[in-house]
Amino acid sequence: MKKIIILLCIITALLFTACSDFLDTLPPTSISSEVAIENLDDAESVIHGIYNDMQSSAYYGHELIIYGDIRADDIQTYNENNGWYNFYVFNHKRGPGYDLWATPMRISRNASRIIEAIDNGKITDGTDTERNNVKGHAIALRALAHFDQARIYGYPYAKDQGKLWGAIIIDHVLEANELPVRNTVEESFTFITQELERAIPLMSDQKHPYNTLNSYGARALLARVYLYWDKNDKAYEIAGTLIEELKSSSYRLFTRDEYLEAFAYNSEGTNFNPESLLEIFNTPSDNPARNSLGFNYQTAGYYSYCVTKDFHDLIRTDPDDIRNGMVKVATVAQNERPFLIKYPGSADNVAAFDNNYPLIRLSEVYLIAAEAAIKSSNASLKTKGLEYLNAIVQRANPNKSVSNAEYTLDRVLEERRKELVGEGHRFFDLLRNGKKFQRTGGYHLPNATGFDISWDYDFSILGVPYNEFILNPMMKQLGQQNPGYTYE
């Protein structure tokens, strides 16, 4: 990745000397993901390059997380001058969002180079375990990239059983003149789950100090993918097994007393929290700067986003819910608004660039199990599913619980809403479950209210950037643009 302070690397190395994984420390300088792969060190450098892509503001460092929130009903832009205002009001007929299309493609291409180098015997140094771990890591990251492209540019599976276009499957190193086309959503999810299932046995289960992906994180991702694929029994099986297994590991849920500090800014750029199965790790010298997600949430930063009145009202229905502390009312630019302070600076009046952002954490796994159980045709799963839901509910307020009669899909989605706000889930949760919502009143800006949003709305997914059809005319010949969008 980019420069990482030497002192941090030394401290981390000393703290985790028992680790044998290749990612025990990160390289002190950035190495291009396009480096030639001739040995294990080269392959590891390409992995770091992939994480560098993921860390950028064009992907998980800002765009993909805010995309999953601002298009729904919990987060909105503070004003019309924000670059994401058009996404907030679904004004993107020409198919913007190029970074969210191109970055997963680049990650998939580079991960394929690692996999092929190992499969072809080009990498001979290191042990079988070390090579397998690097290969499994590359496979899992490639699967994640495909999943992101499928859920942003493809309609939810449950809408039409995955018949429409999803991701472009990249399962090998592409030749210079090779131009693959889109696969269906069904084909995309089949590929993604098969890839994760072959990656997991190869990967280490070591918890890395930077919370990069390991076998546990890959299993959590697999559970999430099956949930999106509407394979609820499978999602429950994976999530439930993982929860029970992790009860005897170093992973655990945050306690109530820990919760408000769980996402806090750490001046050393470290956050070894027990819930993170995968997170974006930033340091004072290695971060997306003013384009970072945290800086755009902070009132001392750009204050680009605030909480909607609808969400603020929801969280305040239970004043004893610890998560009320994640929202703070502040006056900026002469307007009083509730702001999300999940990613704060070191103080209210100090903005920070280098917050860490959770991509997969244990609380989500509990909620995956709870949702999958309530949607499953297997009634026997519901008792345990309710137990997992109440673990999250009672952590927020020990005096609250969800009864059998109250255990519904809508109640689970409400809990996901409160627990995962600001982590990029809400819009996808509504869309994949076929839920319709309408923004009304509150602090919403002009042109942001009064229209129904559901999977029947053409612009509920992004259009493929029109430049792609110039580069790859076969996609146009096959009619692979999304409904409602143009080719130019």
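Every number in this text was worked out from the coordinates using simple rules, so none of it is lab data. All values derive from a computational prediction rather than experimental measurement. A quick note on method: Cβ atoms are made from the backbone with ideal geometry, for glycine too, and the neighbour counts reach across all protein chains shown.
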* Asked: Stretch SER285-TYR457 to full length: gain in nm at 0.36 nm per residue minus the Cα-Cα span?
  -> 57.7 nm
* Asked: By how many nm would the segment from ASP257 to LEU471 grow when fully extended, if each residue of separation counts as 0.36 nm and the alpha-carbon distance is taken off?
  -> 71.7 nm
* Structure fact -> Simple SL model, points at 7 angstrom along Cα→Cβ for ASN91 and ASP233; separation in nm is 4.8 nm
* Structure fact -> From the cross-link list LYS207/LYS309; LYS122/LYS234; LYS135/LYS231; LYS122/LYS476, the entries with a Cα-Cα span beyond 30 Å are LYS207/LYS309; LYS122/LYS234; LYS122/LYS476
* To do: Round to a whole angstrom and tell me the spacing of the C-alpha centers of segment 46-86 and segment 100-137.
  => 26 Å
* Asked: Once Rh for the chain is found with the Kirkwood sum over Cα pairs, what is the Stokes-Einstein diffusion coefficient at 20 °C and 1.002 mPa s, in µm²/s?
  -> 93 µm²/s
* Structure fact -> Answer in debye to the nearest 20: the dipole magnitude of the chain about its Cα centre, from +1 Lys/Arg and -1 Asp/Glu charges placed on Cβ, is 960 debye
* Structure fact -> segment 398-427 and segment 291-326 have their Cα centres apart by a whole-number Å value of 17 Å
* Asked: Can you list the trypsin sites (Lys or Arg not before Pro) in segment 430-480 that are in a DSSP coil and have 16 or fewer other beta carbons within 10 angstrom?
  -> LYS435, LYS436
* Structure fact -> Rounded to one decimal in nm, the spacing of the 7 Å Cα→Cβ label points at ASP410 and ASN120 is 5.6 nm
* Among all helices in the chain defined by DSSP H, which have a length of 18 Å or more along the axis from Cα atoms plus a Kyte-Doolittle mean of at least -0.5? -> 40-55, 98-119, 185-199, 215-228, 232-246, 362-375, 382-396
* State the Cα centre-to-centre distance between segment 436-479 and segment 156-193 in whole Å. => 20 Å
* segment 393-452, relative contact order [Cα under 8 Å, separation at least 6], % -> 18 percent
* May I ask you to sort MET474, MET203, MET105 by Cβ crowding, counting other Cβ atoms within 10 Å and putting the fewest first? => MET474, MET105, MET203
* To do: Only helical DSSP H runs with n ≥ 4 go in: add -39500 (n - 2.57) per run for the chain, normalise by residue count and round the 222 nm mean residue ellipticity to 500 deg cm²/dmol.
  => -12500 deg cm²/dmol
* All other residues with a Cβ under 15 Å from the Cβ of THR440 taken together, and with Lys, Arg as +1 and Asp, Glu as -1, what is their net charge? -> -2
* Asked: All other residues with a Cβ under 13 Å from the Cβ of ILE66 taken together, and with Lys, Arg as +1 and Asp, Glu as -1, what is their net charge?
  -> -2
* Asked: Quick one: Cα convex hull volume of segment 161-232, Å³ per residue?
  -> 108 Å³
* Provide the net charge surrounding LEU359, with neighbours chosen by a C-beta distance below 12 Å and charges set as Lys +1, Arg +1, Asp -1, Glu -1. => -3
* Structure fact -> For LYS328 and ARG198, extending 7 Å from Cα along the Cα-Cβ vector and measuring point to point gives, in nm, a value of 4.9 nm
* Structure fact -> Descending packing, highest mean Cβ count within 10 Å first, for 312-319, 227-234 is 227-234, 312-319
* When SER250, SER285 are ordered from fewest to most other Cβ atoms inside 10 Å of their Cβ, what list results? -> SER250, SER285
* **Length-normalised contact order of segment 6-477 in % [C-alpha pairs under 8 Å, at least 6 apart]** => 19 percent
